Amino acid sequence: MTAEDRPVLSAHGAKRLPSVEVDCYNLTIKDEDGFIGDRASRGAFHAILEKWREPLRELGADPLGDKASEQLSKKQLDKLLAEGHPEAGGIVHSAIEEFAQAIVSVIKRFLKTANWRDTEAIVFGGGMRGSRVGELAIGRAEVLLKASGLELELELIDHDPDEAGLIGTAHLMPSWILEGFDGILSVDIGGTNIRAGILEMRLKKAKDLSKASVFASEIWRHGDEKTKRDEAVARLIEMLQDHIAIAEKKDLKLAPVIGIGCPGRIREDGSIEAGAQNLPGNWESSRFNLADCIRADIPQIGGHETHIVIHNDAVVQGLSALPIMQKYDRWGVLTIGTGLGNARFTNRRKQSD
């Protein structure tokens, strides 16, 4: 039995978690055109939208205006779809259809791998899930899959995309460790944003953490700035310290735990093996360890030694959906954002089930 297979209390990048086995995550498949997952990212959708706009732009008749597709916000696209000129809505619909087909092609390719075989359902998260455009693309993808004879349920993470990556961190450790505390500090690191906040666990209302919610949070768009890695880490630590102060002011008892979701493959020591290329600076250096950096500035929380647990951000987003995914045995998560995050889980059933 390897270290990652042992039933540990909480370890970085663990394969065995309290409620699931992490069958695989950060799966990368490449063909002659590049990485398969890149075809279902936010950037891929923008590229598809640009393709549909180009012929009209050449005629000087682009109903979406002068902004590049990547500069159109989710709210703007949703409004064009619902209230815009029919031609503008038609362009967005065309992009949705093509993007749905891209999602289907990625899913079918993933299902051919050993770790994704026999997947019963996939839950979707990430920034695009929080838009009507993204929801329609996912819905259309499910229709296409079933029309092709593939019985696969596609679900939506029911938390706000800005909160799912925080809520999922509570599932990285057994809930009994958190009993007696009101909340934990939580971090969601993405290719564009870093979020930090206080997760209120509400264990008295639900032992399975289904009532957990974000008590307070802050988001920083590092993608808008030319930020170095050490500057980003310093800003993150400052955000965490601010939330420790908020908890003290609100008389909220924090467990001495910080849960972190971060892109890439996470080693047992908390360093990042690969997949963090969208973060500012080099997070994959053998001389860099995020947990050590945070612990150096926040050695204690509430008088107890700080414990930090890091896992892949798609794994953490998927964990936020655990309460709604209990009806399946084998399920996956896809997060559509700067890249396409992915993970596959097998639910761990109690022996009495």
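The values are calculated or read from the model by the stated rules, or taken from the named source; none is laboratory data. Everything numeric in this text was worked out from a predicted model, so none of it was measured. All Cβ positions, even for glycine, are placed from backbone atoms using ideal geometry, and neighbour counts span all protein chains on display.
Being modelled with pLDDT of 95 or more and of a type in the set (A, V, I, L, M) is the filter here, so list the residues in segment 113-132 that pass it. Correct list: Ala114, Ala121, Ile122, Val123. Residues in segment 130-152 include none that are surrounded by fewer than 19 Cβ atoms within 10 Å (Cβ to Cβ), among the acidic types (Asp, Glu) and not assigned by TED's automatic domain parsing to the domain that holds Val104.
Does Leu166 fit the bill of being of a type outside the set (S, T, N, Q), closer than 28 Å to Arg117 by Cβ and in contact (Cβ under 8 Å) with a residue 24 or more places away in the chain?
Spelling it out, it is not the case that Leu166 is of a type outside the set (S, T, N, Q), closer than 28 Å to Arg117 by Cβ and in contact (Cβ under 8 Å) with a residue 24 or more places away in the chain.
Considering Asp118, Asp78, the condition of being of a type in the set (Asp, Glu) and either within 19 Å of the chain's Cα centre (by Cα) or not in a helix (DSSP H, G or I) (or both) is satisfied by Asp118 alone. Scan segment 327-343 for residues that are part of a strand (DSSP E or B), over 18 Å from Asp160 (Cβ atoms) and within 11 Å of the chain's Cα centre (by Cα) and jot them down. Within segment 327-343, Leu340, Asn342, Ala343 qualify. In segment 38-49 there is at least one residue matching the filter, namely being outside any helix (DSSP H, G or I), within 30 Å of Met325 (Cα to Cα) and outside the structural domain of Ile177 (by TED's automatic domain parsing).
How many of the residues in segment 290-326 are assigned to a loop (DSSP other than H, G, I, E, B) and either under 21 Å from the mean Cα position of the chain (by Cα) or hydroxyl-bearing (Ser, Thr, Tyr) (or both)? Break it down into steps so the answer makes sense when it comes.
Going residue by residue through segment 290-326, those that are assigned to a loop (DSSP other than H, G, I, E, B) are 298-299, 302-303, 306, 320-321, 325-326.
If we keep only those that are either under 21 Å from the mean Cα position of the chain (by Cα) or hydroxyl-bearing (Ser, Thr, Tyr) (or both) too, we end up with 306, 320-321, 325-326.
The total comes to 5.
For Ala61, the conditions (1) within 19 Å of Gly126 (Cβ to Cβ); (2) in a loop (DSSP other than H, G, I, E, B) all hold with the exception of (1).
In segment 25-50, what residues are modelled with pLDDT of 90 or more and at positive phi? Within segment 25-50, just Asn26 meets the criteria.
Of the residues making up segment 143-199, those that are within 22 Å of Ala245 (Cα to Cα) and of a type in the set (Ser, Thr, Tyr) are Thr169, Ser186. For segment 275-300, a residue qualifies if it is without any contact (Cβ under 8 Å) to a residue 40 or more places away in the chain and either exposed (fewer than 15 other Cβ atoms within 10 Å of the Cβ) or not assigned by TED's automatic domain parsing to the domain that holds Ile194 (or both), and the qualifying residues are Gln277, Ser285, Ser286, Arg287, Asp292, Ala296, Pro299.
When residues in segment 107-132 are screened for being of a type outside the set (D, E, K, R) and in contact with a Lys or Arg (Cβ under 6 Å, 6 or more places away or on another chain), 5 of them pass. Has segment 299-306 got any residue that is at pLDDT 95 or above, closer than 30 Å to Lys30 by Cα and not aromatic (Phe, Trp, Tyr)? Checking segment 299-306: not a single residue is at pLDDT 95 or above, closer than 30 Å to Lys30 by Cα and not aromatic (Phe, Trp, Tyr).
The set of residues from segment 223-263 being of a type in the set (Gly, Ala, Ser) and either in contact with a strand residue (DSSP E or B) (Cβ under 6 Å, 6 or more places away or on another chain) or farther than 26 Å from Ala274 by Cβ (or both) comprises Ala245, Ala247, Ala255, Gly259, Gly261. State whether one or more residues within segment 58-81 are within 21 Å of Val333 (Cβ to Cβ), in contact with a Leu (Cβ under 8 Å, 6 or more places away or on another chain) and touching a residue at least 40 places away in the same chain (Cβ under 8 Å). Within segment 58-81, none of the residues are within 21 Å of Val333 (Cβ to Cβ), in contact with a Leu (Cβ under 8 Å, 6 or more places away or on another chain) and touching a residue at least 40 places away in the same chain (Cβ under 8 Å). Residues in segment 72-84 that are surrounded by 10 or more Cβ atoms within 10 Å (Cβ to Cβ) and either modelled with pLDDT of 90 or more or of a type in the set (A, V, I, L, M, F, W, C) (or both): Leu72, Ser73, Lys74, Lys75, Gln76, Leu77, Asp78, Lys79, Leu80, Leu81, Ala82.
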